[in-house]
Amino acid sequence: MSTPYYQVDAFTGVGLRGNPAGVCLLLDWLADEQLQAIAAENNLAETAFVVPHGQQFRLRWFTPEIEVDLCGHATLAAAHVLYRHLHFHGDAIRFETRSGEVTVARDGDRLTLNFPSRPARECHPPQALLDGLRCRPQFVGKSRDYLVVLEHSSAVKALAPEAASLARLDALGIIVTAPGEPSATGEPACDFVSRFFAPAAGVPEDPVTGSAHCTLIPYWAARLNKETLRAVQVSKRGGELFCRLQGDRVLISGRAQTYATGFLQLP
């Protein structure tokens, strides 16, 4: 069976940066075991599987090891494929997902995800978290993921986590964040920086994590007293996100670049 497949770099305007995601276009669902095997074969942080459903689309996301309930960069990648390569002309693409309906709208060269807000509640940091990160947090909270706030962006960049400890945590991943750095003019170059680690899901570090911003945006919006924010994920590949808090939803905007197109030859 020949299945259309795309690889897209998400949350970047420049190729070979941002977060690569696979996008597999199906006419109907394959068995879950086959979807997981394809994601493992692709060996990307996420593979998105898209199935048309009337005027909408159904969307699922798989890491090399598990299915996840929400993924930003693979949603951005899927919408990029539908807009650019399948010439979707609607005002917004509507996806049915495990997290309810999510939409992606086009605004110039950016795509905007409309996702649920997931604020973190302050919690006592488990020892495995402290052992894995080897740092002194200012704040630790939890939603789907642990949210760890450090004092300086340089500390976020310098982290070299111990994956085995982090993999023992009762969360999909660990978000580490700090205030943004000032630019040469003294103004912030971005409002906050972050990194994301999910070794239990087979992703030691995710280059750019849209779903983590469902938790980052409400935290920084409250702390900085502003609804519109610019974020940078300071992984090796790096990524840029334009964010807005809108009630119990978050708007996450970014750019995407197609890296490869082709077909999967499935048994």
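Select from segment 204-216 the residues that are surrounded by fewer than 23 Cβ atoms within 10 Å (Cβ to Cβ) and either under 13 Å from the mean Cα position of the chain (by Cα) or modelled with pLDDT under 95 (or both) and list them in ascending order. If the condition is that a residue be surrounded by fewer than 23 Cβ atoms within 10 Å (Cβ to Cβ) and either under 13 Å from the mean Cα position of the chain (by Cα) or modelled with pLDDT under 95 (or both), then E205 is the only one that fits. Of the residues that make up segment 112-133, is at least one in a strand (DSSP E or B), without any contact (Cβ under 8 Å) to a residue 60 or more places away in the chain and not basic (K, R)? Yes; the residues of segment 112-133 include at least one that is in a strand (DSSP E or B), without any contact (Cβ under 8 Å) to a residue 60 or more places away in the chain and not basic (K, R). In segment 161-171 there is no residue that is over 15 Å from the mean Cα position of the chain (by Cα), in contact (Cβ under 8 Å) with a residue 60 or more places away in the chain and surrounded by fewer than 21 Cβ atoms within 10 Å (Cβ to Cβ).
Taking every residue in segment 73-101 that is of a type outside the set (D, E) and pairing it with any residue that is part of a helix (DSSP H, G or I) and crowded, with 16+ Cβ neighbours inside 10 Å, at least 6 positions away or on another chain, the pairs with Cβ-Cβ distances below 6 Å are F88/L82; I93/A79; I93/L82.
Conditions (1) in a strand (DSSP E or B); (2) over 26 Å from P207 (Cβ atoms); (3) acidic (D, E), marked per residue:
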position: A40; (1), (2), (3): no, no, no
position: T47; (1), (2), (3): yes, no, no
position: L59; (1), (2), (3): yes, no, no
position: E65; (1), (2), (3): no, no, yes
position: H73; (1), (2), (3): no, no, no
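Looking across segment 221-267, the residues that are among the hydroxyl-bearing types (S, T, Y) and within 28 Å of L159 (Cα to Cα) come down to T228, S235, S253. State whether one or more residues within segment 12-19 are surrounded by 24 or more Cβ atoms within 10 Å (Cβ to Cβ) and either of a type in the set (K, R) or not in a strand (DSSP E or B) (or both). Within segment 12-19, one or more residues are surrounded by 24 or more Cβ atoms within 10 Å (Cβ to Cβ) and either of a type in the set (K, R) or not in a strand (DSSP E or B) (or both).
Checked against (1) farther than 23 Å from F11 by Cβ; (2) at pLDDT 95 or above; (3) exposed (fewer than 15 other Cβ atoms within 10 Å of the Cβ); (4) not aliphatic (A, V, I, L, M), R136 passes all but condition (2).
The listed residues are F95, F88, F139, and the only one of them that is more than 15 Å from A171 (Cβ to Cβ), within 19 Å of the chain's Cα centre (by Cα) and of a type in the set (F, W, Y) turns out to be F95. The listed residues are S165, S143, S183, and the only one of them that is assigned by TED's automatic domain parsing to the domain that holds R237 and within 20 Å of L229 (Cα to Cα) turns out to be S183.
I'd like the residue in segment 86-111 that is in contact with a Leu (Cβ under 7 Å, 6 or more places away or on another chain) and part of a loop (DSSP other than H, G, I, E, B) and, out of all such residues, is surrounded by the most Cβ atoms within 10 Å (Cβ to Cβ). Restricting to residues being in contact with a Leu (Cβ under 7 Å, 6 or more places away or on another chain) and part of a loop (DSSP other than H, G, I, E, B), the top hit is S99. In segment 186-200, the residues that are among the basic types (K, R) reach residues that are modelled with pLDDT of 95 or more and assigned to a strand (DSSP E or B) with C-beta atoms within less than 6 angstrom, at least six apart or across chains, in these pairs: R195/V176. What about L229, is it surrounded by fewer than 23 Cβ atoms within 10 Å (Cβ to Cβ), closer than 18 Å to S99 by Cα and not small (G, A, S)? So L229 fails the test.
The values are calculated or read from the model by the stated rules, or taken from the named source; none is laboratory data. Note that this is a predicted model, so its numbers are computed, not measured. Counting neighbours? That spans all protein chains shown, and the Cβs are built from the backbone with ideal geometry, glycine included.
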